[in-house]
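Notes follow the structure.
The values are calculated or read from the model by the stated rules, or taken from the named source; none is laboratory data. Bear in mind that the values here come from a model prediction, so they are computed numbers and not experimental data. Glycine also receives a Cβ, built like all others from the backbone with ideal geometry; neighbour counts cover every protein chain displayed. Please note that ligands, DNA and RNA were not included when accessible areas were found on the heavy atoms of the full protein model with its side chains. Shrake-Rupley method; radii C 1.70, N 1.55, O 1.52, S 1.80 Å.
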Amino acid sequence: MSARAATVRTPVPGASSPGASVPEASVPGTAGDSRETGAGSTAASRDALAATSPVGPARHPRQRTRTVAGGGRRAVRRMGQVLRRAAVPAALLAAWAWGSASGRVPERIFPAPWQVVATARDLVASGVLAENLEVSLVRVATGFAIGASLGILLGVVAGLSSLADELLDPTLQMLRTIPFLAVAPLLVLWFGIGELPKTIIIATAATFPLYLNIHAGVRHVDRKVVEAARVFGLRGPALVARVVLPGAVPSVLVGLRVSLSVSLLALIVAELTNAPRGLGALMTSAQQYFQTDVLVVIVAIYALWGLGVDLLVRGLERVLLPYRVAGRAA
């Protein structure tokens, strides 16, 4: 039999000529190829169905096991972080209790922890603490809202415009070096002992940390990212809203943390100068009557207040910058 007669010809689908054919070796329809092609199409169909499924792609049992193990390790690591953070305060509290119980810490100088707890309970039951705490919260919220708005506005304007930077920044840099403690007596002389000077002191203290950090954050946004956004057609307010301000968020959070802490310090200073109500007024009254337990209660409230501010900013960081939190946890 000749070689031409031994060649098996297979019809080509769609061939124009009924006699057209190709050798069997070159046709992708042999048994082996059919198995591979069939397996590939089956896997592709399974992936497509998994991708379009409302419950998401199905996971292999080993992958689910690794996910559960990873979640357990993260929970253990998180618990370890919480314990390490609480270790030093717990040790200080234990040392305080031991010193009071053994008599090494005189009660007249520093009251025992249980005495402080009893005093706090009495202040809460009488309503004195709630009344003064409400006054202080309203006072610091008003001053911080004014100062934060002013600091954000000035920081964004000076960061975006070179002209505004040249006009505003030298004056603001000069003003921020003036301690607000030095301005407090002058404000009392100008505006009396009402709420206005206290609000001005808190607002002044809150303005400059936010201004400095937002100004630097806007100025140092990655120029390559800005140029890339311009290539895609972003200009003006859209460029600022979608590229510049999101790039400055880390600096905004730093400024917010510092500004909130300094606002609390300014509140203490403002309330210690002729304030009829508020935590500062309660401290002044306790100082006059040698009530050290009341003083320690208010100091503890300030400490918890600062801790709450720090946790608030950390929560905002988790929401606004999840990639940074994930990078630290990795």
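Looking at region 114-135, I want the residues that are under 16 Å from ALA281 (Cα atoms) and without any contact (Cβ under 8 Å) to a residue 40 or more places away in the chain and have a partner that is exposed (fewer than 14 other Cβ atoms within 10 Å of the Cβ) and of a type in the set (A, V, I, L, M) with Cβ atoms under 8 Å, at least 6 apart or on another chain. Which pairs are those?
Close Cβ pairs satisfying both conditions: ALA130/VAL124.
Can you go through ALA86, ALA75, ALA94 and tell me which one is at pLDDT 90 or above, surrounded by 10 or more Cβ atoms within 10 Å (Cβ to Cβ) and in a helix (DSSP H, G or I)?
Within the list ALA86, ALA75, ALA94, the selection yields ALA94.
How many residues are more than 13 Å from ARG108 (Cα to Cα) and either aromatic (Phe, Trp, Tyr) or open to solvent by 30 Å² or more (accessible area, probe 1.4 Å) (or both) if we restrict to region 288-300?
Summing the residues that are more than 13 Å from ARG108 (Cα to Cα) and either aromatic (Phe, Trp, Tyr) or open to solvent by 30 Å² or more (accessible area, probe 1.4 Å) (or both) in region 288-300 gives 3.
Go through the residues of region 230-245 one by one and say whether even a single one is open to solvent by 40 Å² or more (accessible area, probe 1.4 Å), of a type in the set (Phe, Trp, Tyr) and within 15 Å of the chain's Cα centre (by Cα).
No: region 230-245 contains no residue that is open to solvent by 40 Å² or more (accessible area, probe 1.4 Å), of a type in the set (Phe, Trp, Tyr) and within 15 Å of the chain's Cα centre (by Cα).
Under 6 Å by Cβ, and 6 or more places apart or on different chains, what pairs join a residue from region 158-184 that is under 26 Å from ILE202 (Cβ atoms) with one that is open to solvent by 50 Å² or more (accessible area, probe 1.4 Å) and of a type in the set (Val, Ile, Thr)?
Once the first residue is under 26 Å from ILE202 (Cβ atoms) and sits in region 158-184, its partners that are open to solvent by 50 Å² or more (accessible area, probe 1.4 Å) and of a type in the set (Val, Ile, Thr) give ALA164/VAL157; PHE180/THR204; ALA184/THR273.
Based on this model, can you work out whether ILE202 counts as at pLDDT 90 or above, touching a Gly at 6+ places or on another chain (Cβ under 6 Å) and over 20 Å from ALA216 (Cβ atoms)? Steps first, please.
On the way: at pLDDT 90 or above: yes; touching a Gly at 6+ places or on another chain (Cβ under 6 Å): yes; over 20 Å from ALA216 (Cβ atoms): yes.
Yes.
Would you point out which residue out of LEU279, LEU311, LEU253, LEU307 is under 20 Å from ALA205 (Cβ atoms), surrounded by fewer than 13 Cβ atoms within 10 Å (Cβ to Cβ) and not charged (D, E, K, R)?
LEU307
Testing THR273 on (1) at pLDDT 85 or above; (2) hydroxyl-bearing (Ser, Thr, Tyr); (3) closer than 30 Å to THR119 by Cα, one condition comes back false. Which one is that?
With (1) at pLDDT 85 or above; (2) hydroxyl-bearing (Ser, Thr, Tyr); (3) closer than 30 Å to THR119 by Cα applied to THR273, the lone miss is (1).
From VAL243, VAL225, VAL231, VAL262, which residue is of a type in the set (A, V, I, L, M) and in contact (Cβ under 8 Å) with a residue 24 or more places away in the chain?
Values: VAL243 fails: in contact (Cβ under 8 Å) with a residue 24 or more places away in the chain; VAL225 fails: in contact (Cβ under 8 Å) with a residue 24 or more places away in the chain; VAL231 fails: in contact (Cβ under 8 Å) with a residue 24 or more places away in the chain.
Going through VAL243, VAL225, VAL231, VAL262 in turn, just one is of a type in the set (A, V, I, L, M) and in contact (Cβ under 8 Å) with a residue 24 or more places away in the chain: VAL262.
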